[in-house]
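What follows is a single structure, written as structure tokens, with notes after it.
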């Protein structure tokens, strides 16, 4: 399982993913689930993945192939050339749906699921920042001012803090704190989500990755944040009267 969260704010985009892949109690591995693509000064795109690893990795591989110099690559599938972020989401959705259908029959025969989903976010020069949740069927929904964050994977444990503190006006510094505490809540409640974590920040109109950080297990700053949050919750709990 996994947990990925993306925030679409007036100041920019914040994305966070874990890296744990669980194929059984005795088969736990680490795989990257965040992929960043940029043409500096022109556009930046971030994709986070959840679900069946063969589906998500094959989808990303085909998207990367379309961006390569391979003469056989389909230029219409190149997300770095797409005219809008909506078209980027449509290309990702079409590729994801095709891959899932190809793999689904084999997985069904083995009584395994071939489901997957992705968060696609970014900005191109001349356009606004946008963020989409792309479903395995290829359709998508978009983050809005009313709902400025999207989640995939084990999202329920980390959702309450986002509901309470995140608005479109949230600063990028507070947004990073929010997604990290959202992840911390998920790590504490679900063993199928695990370190290390990948964090990316894209500032509005920067057309490039502003912050790219891998947070390893035992990271002192993340540990302190987790401990401070636990202490604050316990203190708030003690102060509440019934």
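Readers should treat all values here as calculations from the given coordinates under stated rules, not as data from a laboratory. All values derive from a computational prediction rather than experimental measurement. Cβ coordinates were reconstructed from backbone atoms using ideal geometry, including for glycine residues, and neighbour counts include every protein chain displayed.
Points to keep in mind about this one:
- Spin-label model, residue 205/residue 165: points 7 Å from Cα along the beta carbon direction are separated by 2.8 nm.
- Among 63, 101, 180, residue whose mean-square fluctuation peaks in a GNM of the chain (springs only between Cα atoms under 10 Å): 101
- Mean silhouette area of the chain, derived from the convex hull of its C-alpha atoms and averaged over all directions, reads 15.0 nm².
- Length gained on full extension, residue 145 to residue 233, computed as 0.36 nm times the residue gap minus the Cα-Cα distance: 28.9 nm.
- Contact order, relative form, for the chain: 28 percent (alpha carbon pairs under 8 Å, 6 or more residues apart, mean separation divided by residue count).
- Cα centroid of region 220-242 to Cα centroid of region 176-216, whole Å: 20
- Region 164-242: C-alpha gyration tensor shape, a/c 1.5 cut-off, then a/b vs b/c: oblate
- Only helical runs count toward this figure. For the chain, summing -39,500 (n - 2.57) over DSSP H runs of n ≥ 4 and dividing by all residues gives -11500 deg cm²/dmol at 222 nm.
- Residue of 206, 97, 50 that the Gaussian network model of the chain assigns the largest fluctuation, springs spanning Cα pairs under 10 Å: 206
- The slack in the chain from residue 221 to residue 240, taken as 0.36 nm per residue of separation less the alpha-carbon distance, amounts to 4.0 nm.
- Helix 85-109 vs. the chain, principal-axis angle (Cα, 0 to 90°, nearest 10): 90
- Nearest-ten-degree value, helix 172-189 long axis tilted from longest Cα axis of the chain: 80
- Crossing angle, helix 53-66 versus the chain [Cα axis fit, 0-90 degrees, rounded to tens]: 50
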